[in-house]
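To start, I am sharing the structure in question, which I have written as structure tokens.
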Amino acid sequence: MCLWGCLFLAACANGQGISLAPYGIERETPQNFKVCHGFGCSARTPVGLTKREWSKVTAPLRKRSKTAAAERKKIAKSVALMERVVQKKAGFNKDLGQATTFEKDQHQMDCLDETINTSRTLAFLDVGGSLRLNSVYEPIHRGYFIDGMWPHNSGAVRDNETSEIFAIDSYYSDNGGTVSVVPLSVWLDEWRPEGLRPRVIPPKPKRKPLFKG
């Protein structure tokens, strides 16, 4: 009950992200789900993993971790493996980090697509018993333009012992690449992978006068 109740909370406060309720994740399984792509989940492609494929995704978490932090590193590996398997099953072009080519390629994913897909994977892992020291958490969000920060979303987990929240952020790397695990407080402070140039919010274009005079 707590799992889906937490995931579907409407988000208003800083740090809380989109609701997953419209995407029907609670009715999906690794063998039958729809992957989001095309920006803002504007396209959804049906995908179904075989038992062998799902076993490959869960392999990093098969052995119990000694600490919650160690388990989070394994979670990141499983999310990356899921991306690779899904890309192959769906016949997608490789999704590039920061969704730089979506205008020419609807297989690309923005942070909303990534957040929904990652949250789905986390839910599958949690329901399947692969998560022992962490639990899936609702999506997280930062940035509202008016605060000078570019909007960004991410999947997340919660440490079962400390209740600390960690972003599981797959947006900045190419499909199946490094999935970052970042404490929420750090992530909210405009965290980006080291060496990655910050995205600049473009200035609003000046409005031309309707009449000259």
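The values are calculated or read from the model by the stated rules, or taken from the named source; none is laboratory data. Since the model is a prediction, treat every value here as computed from it, not as a measurement. Counting neighbours? That spans all protein chains shown, and the Cβs are built from the backbone with ideal geometry, glycine included.
Collect the residues in region 37-68 that are surrounded by 13 or more Cβ atoms within 10 Å (Cβ to Cβ), without any contact (Cβ under 8 Å) to a residue 24 or more places away in the chain and part of a helix (DSSP H, G or I), keeping them in residue-number order.
ALA59, PRO60
Right, next: Spot the failing condition for GLY155; the list is (1) under 11 Å from the mean Cα position of the chain (by Cα); (2) small (Gly, Ala, Ser); (3) at pLDDT below 95, and only one is missed.
The failed condition is (3).
Right, next: Being aliphatic (A, V, I, L, M) and either under 14 Å from the mean Cα position of the chain (by Cα) or modelled with pLDDT of 95 or more (or both), is that true of even one residue in region 50-59?
Taking region 50-59 and keeping what is aliphatic (A, V, I, L, M), we get 57, 59.
Narrowing the set further to residues that are either under 14 Å from the mean Cα position of the chain (by Cα) or modelled with pLDDT of 95 or more (or both) leaves 57, 59.
Yes, the conditions are met somewhere in region 50-59.
Determine whether region 170-188 contains at least one residue that is crowded, with 19+ Cβ neighbours inside 10 Å, within 27 Å of ALA43 (Cα to Cα), among the charged types (D, E, K, R) and within 15 Å of the chain's Cα centre (by Cα).
So far as region 170-188 goes, no, none of its residues is crowded, with 19+ Cβ neighbours inside 10 Å, within 27 Å of ALA43 (Cα to Cα), among the charged types (D, E, K, R) and within 15 Å of the chain's Cα centre (by Cα).
Here is a further query. When residues of region 77-118 are filtered for being more than 16 Å from VAL47 (Cα to Cα), touching a Gly at 6+ places or on another chain (Cβ under 7 Å) and at pLDDT 90 or above, how many remain?
Adding up the residues that qualify gives 2.
Right, another one. Answer yes if at least one residue in region 131-144 is of a type outside the set (Gly, Ala, Ser), modelled with pLDDT under 95 and surrounded by fewer than 21 Cβ atoms within 10 Å (Cβ to Cβ), and no otherwise.
Taking every residue of region 131-144 in turn, at least one turns out to be of a type outside the set (Gly, Ala, Ser), modelled with pLDDT under 95 and surrounded by fewer than 21 Cβ atoms within 10 Å (Cβ to Cβ).
Do any strands (runs of 3 or more DSSP E) entirely within region 112-173 hold 1 or more residues that are touching a residue at least 40 places away in the same chain (Cβ under 8 Å), within 27 Å of ASN32 (Cα to Cα) and touching a Cys at 6+ places or on another chain (Cβ under 8 Å), and if so, which?
Working: elements: 134-142, 152-159, 165-169.
Answer list for region 112-173: 134-142, 152-159.
Does region 40-82 hold any residues that are of a type in the set (Asp, Glu) and within 13 Å of THR121 (Cβ to Cβ), and which are they? Please lay out each step first, then the result.
Of the residues in region 40-82, the ones of a type in the set (Asp, Glu) are 53, 71.
If the condition is that a residue be of a type in the set (Asp, Glu) and within 13 Å of THR121 (Cβ to Cβ), then GLU53 is the only one that fits.
Follow-up question, since we're still on this one. Every residue in region 27-36 that is in contact (Cβ under 8 Å) with a residue 60 or more places away in the chain and surrounded by fewer than 15 Cβ atoms within 10 Å (Cβ to Cβ), please.
Pass one, region 27-36, residues in contact (Cβ under 8 Å) with a residue 60 or more places away in the chain: 28-30, 33, 35-36.
Residue satisfying the conditions is THR29 alone.
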